[in-house]
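Throughout, read-outs are computed from the coordinates displayed, never taken from laboratory work. Note that the structure is predicted; figures quoted are calculated from it, not measured. Ideal geometry is used to build each Cβ from the backbone, glycine not excepted, and the neighbour counts take in all protein chains shown.
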């Protein structure tokens, strides 16, 4: 059994729509094909201020789904952006880690919602791990 893994594919995109509170979403990841840790850069235009909300993750591993919801403001404490989010241009940087000990396809959909359940934004990551 190997004690390492390799990321074969790592793509990311905005999965938002014209009804989201964040528009003109730009995502960038460094390095482009991360093997362990990576930095996520997010920019967007926020159409209204957000004082609190939730961050929902829908993770699918080889077709098997898992879902969890976190407090958005607590989650943002691990980034360069903090609550409240003010209307206007949003620019944030955070870190992520590729899951270890997992092989196959991992798809992560992360959606932010405000306290009124309006979607702020949607980000999607698609990885193949071997």
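With contacts defined as alpha carbon pairs under 8 Å and 6 or more residues apart, what's the relative contact order of the chain in percent?
Worked out over the chain, it gives 35 percent.
How far apart, in nm, are two points set 7 Å out from the Cα along the Cα-to-Cβ line at residue 130 and at residue 9?
According to this spin-label approximation, the distance is 1.2 nm.
Give the separation of the Cα centroids, segment 33-57 to segment 79-130, in Å.
Their Cα centres are 5 Å away from one another.
For 9, 117, which order do you get if you count the other beta carbons within 10 Å of each Cβ and list the fewest first?
Result, fewest neighbours first: 117, 9.
Given labels modelled 7 Å from the Cα in the Cβ direction, how far is it in nm from residue 19 to residue 47?
1.0
Modelling each spin label as a point 7 Å along the Cα-to-Cβ direction, I'd like the residue 78/residue 32 distance in nm, to one decimal.
2.7
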